[in-house]
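Worksheet: the structure to be examined is printed underneath.
The values are calculated or read from the model by the stated rules, or taken from the named source; none is laboratory data. Computed from a predicted model, the values in this text were never measured in an experiment. FYI the Cβ positions are ideal-geometry reconstructions off the backbone, even for glycines, and counts take in every protein chain you see.
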Amino acid sequence: MSPAEPRIAPRSGSAATRPASLREVLLAGAGLALLAAAALPSLRTDSEAVALERLSASLGELRAAIDNYWLDHDGFPGPQAEHVLAQLTGRSDASGRPAPDGADSFGPYLPTAELPVNPLNGRRDLKVLDRLPREPDGSSGWLYSPLTGEVRANVGDTRRGVLTIPATRGPAGDLLHGTVPAGVRPYDL
């Protein structure tokens, strides 16, 4: 623009000088909300996929420990939660009682002195029951039956629902089950 050309001033009330109207703000907000709503499911799906991978790994680690204990002791760990933890994380004799390191002791079956974390509820505690309930309640990280060796993730989020994985047989011949949020293919775990 050369100095000789006149400058055209914006008209009074034009978009360059007046603030946005409520209608324009609402339309822009609705557009942003639509974009966010379109992006949110993929973010949630990715985070759920990561959580399910972690659940699969934690459940597999716990199942393998119980199966290996069974192979060494011809029985499942238990009968109380504190016994299960001690038997899976420490050394034990053939009867399952704590034992010092030595030729006649077995274990530990878990790499740390704790049970793995259930990533869907952040808990690592174990609820021991003779018979596992149909619906988990989320009151612990894991549900376990010392009578059958069955272990499940205790995911009590009823908003998403739960799905029991069909029974599979572990190396000890025991039935193994788990629960995952509905909509996940049970054979993915």
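Keeping to the range 109-142, report how many residues are part of a strand (DSSP E or B) and touching a residue at least 60 places away in the same chain (Cβ under 8 Å).
Here the count works out to 2.
Only residues that are over 22 Å from the mean Cα position of the chain (by Cα) and polar (S, T, N, Q): list them for the range 100-137, please.
The answer is Ser105, and nothing else.
Return the only residue of Ser95, Ser58, Ser105, Ser21 being among the polar types (S, T, N, Q), touching a Pro at 6+ places or on another chain (Cβ under 8 Å) and at pLDDT 75 or above.
None of the other options fit; the residue is Ser58.
For residues that are surrounded by 13 or more Cβ atoms within 10 Å (Cβ to Cβ) and among the hydroxyl-bearing types (Ser, Thr, Tyr), tally how many sit in the range 109-139.
Of the residues in the range 109-139, 1 are surrounded by 13 or more Cβ atoms within 10 Å (Cβ to Cβ) and among the hydroxyl-bearing types (Ser, Thr, Tyr).
Given the condition part of a loop (DSSP other than H, G, I, E, B), aliphatic (A, V, I, L, M), over 22 Å from Gly75 (Cβ atoms) and at pLDDT 75 or above, answer yes or no: does some residue in the range 143-160 qualify?
yes
From the list Gly90, Gly78, Gly96, exactly one residue is small (Gly, Ala, Ser) and within 25 Å of the chain's Cα centre (by Cα). Which is it?
The unique qualifying residue is Gly78.
For the range 54-108, which residues satisfy the criterion of being buried (at least 21 other Cβ atoms within 10 Å of the Cβ), touching a Ser or Thr at 6+ places or on another chain (Cβ under 8 Å) and in a loop (DSSP other than H, G, I, E, B)?
Phe76, Gly107 - these are the residues of the range 54-108 that are buried (at least 21 other Cβ atoms within 10 Å of the Cβ), touching a Ser or Thr at 6+ places or on another chain (Cβ under 8 Å) and in a loop (DSSP other than H, G, I, E, B).
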